[in-house]
1. How would H245, H115 line up from fewest to most surrounding beta-carbon atoms within 10 angstrom?
2. Using a Gaussian network model of the chain whose springs link C-alpha atoms within less than 10 Å, name the residue from D421, D224, D379 with the highest mean-square fluctuation.
3. Sort out for me the Cα centre separation of the stretch 391-442 from the stretch 3-20, rounded to whole Å.
4. Relative to the first principal axis of the alpha-carbon coordinates of the chain, what is the inclination of helix 276-289, with its axis defined by its Cα atoms, in degrees from 0 to 90 and to the nearest 10?
5. If you project the alpha carbons of the stretch 201-243 onto the principal axes, what extent comes out on each, in Å, largest first?
6. How big is the stretch 120-192 in terms of Cα radius of gyration and Dmax, in angstroms?
7. Where does the charge balance sit around G303 when Lys and Arg score +1, Asp and Glu -1, over other residues with C-beta under 15 Å from its C-beta?
8. Under the rule a/c < 1.5 gives rounded, and otherwise a/b versus b/c splits prolate from oblate, where does the stretch 284-442 land using the Cα gyration tensor?
Amino acid sequence: MKPSAEQKRQIAWQIMRSALQAVDPEVAVNAYFEQNPALVTQIQESAGKLYVVGAGKASAPMAVAIEAIFGQKISAGQVIVKYGHELPLPTESTISLMTAAHPVPDQAGLTATRHLMDMLQQTQADDTILCLMSGGGSALLTQPAEGLTLTDLQQTNQCLLGAGVPIHHINGIRKHLSAVKGGRLAELAAPATLYSLILSDVVGDSLAVIASGPTVPDPTNFDDAWRIIEQYQLRDQLPPAVVTHLQAGRAGMIPDTPKPNNPIFANSHSAIIGSNRIAAQAAVQSAQALGFEAQLLTTYVEGEAREVAQVMAGLAKGLARDESTIKRPACLVLGGETTVTIRGDGLGGRNQEMALAAAITLQGWPNILIACLGTDGNDGPTPAAGAFADGETVAQAERLGLHAVEQLNRNNAYNFFNAIDDLIITGPTNTNVNDLIIILVW
């Protein structure tokens, strides 16, 4: 007997919860130091001071873990998190949590970053700095390069996001418009010893891309940034000051970001403590425990959300027709991050858009459920983390007068799924390791 529609969603929820628990930032920090006890002793017994800095959606629980481990050793700290992602620290804590906007930076982020930079400029050679970085750090850690303004950065971010530019390209441009990204935070910290603990939210886990790589060498240059502008034909949409700045950098009139051979990185160390792969593997294990034959296919999913959806639906159909060596009940797990080119006036996010496009392709196919999840709990400018799609999704919406293709063309997936009560609502998860796609076939 096949499970009901509600039971299918409960199963998907159980798998998703297991994935999120596996990348809980507090757990990840504790696990890192449990595996490196000598480092804890070294930091505790060091003659210099200990400072804590950070930025990202997951940085608050990371700070909570650091406070519990190092406590009174911490001289000062400044961590920037997204609005609604803050967590309480002990009243005696010397770590300050400040909130700011994401994905488009705001004045609060600018102010918080200035405080963080001032703190780093006070450090000495025998001090230790723990830097806690996670997805969202690019927007939250914001300080325009000389000659640029916050408005310039805001308009550029909105332009890049609206054009569907992939995150690694967005961050390649951000680094060359910033006083803190692309290794410049490490430049401020040097010659103190710097340890960066990082939750990855980018496909491939490149340290230079996560949060725009503030503490690692930048392999890109101004020419690379400009090629992205030309590839997406964005020159005329960017603020004039940004165009001028990038062109000046290309001409050698502005110093480029620090490169791998720069001595500022001599005492800088980085470790990825949480990633999309870890979450995806946990999802597979959870599905197997529930009786599914489950496989992780890839954590490198990229591309336009509605186009990726066609591939996801095709995989599901193949399983349903027993075309695979994987036997039903089956579960496929994929990870990565898609993009959306905004064409309409609706409300949604990449995971909701992918689910809506998949639902259109899956019309009339029974015993298939696809869950598209943003692990941070925020999919686009909505309170949803994603959505469910199955063979009945389109028909259910039609009965309410909602036409799926029309809503997809409007980029209105949030309102579509909200009407049929098929949004995935987690609230802020305080972690961020990209997106997960879970395909279940009975």
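1. Fewest-to-most Cβ neighbours within 10 Å comes out as H115, H245.
2. Between D421, D224, D379, it is D421 that shows the largest mean-square fluctuation.
3. If we compute the Cα centre of each part, the gap is 15 Å.
4. 40
5. 32, 19, 16 Å, listed from the longest principal axis down.
6. Calculated on Cα positions, Rg and Dmax stand at 14.0, 45 Å.
7. On the way: positive: R306, R350; negative: E302, E304, E307, E337, E353, D435.
Overall, the nearby charge balance is -4.
8. Details: a/c = 1.73, a/b = 1.27, b/c = 1.36.
Taking the square roots of the gyration eigenvalues as a ≥ b ≥ c, the stretch 284-442 is oblate.
The numbers here are math on the coordinates, done by the rules we state, and not lab data. Keep in mind that what you see is a predicted model, and the values were worked out from it rather than measured. When we count neighbours, we look across all protein chains shown, and the Cβ atoms used for this are built from the backbone with ideal geometry, even at glycine.
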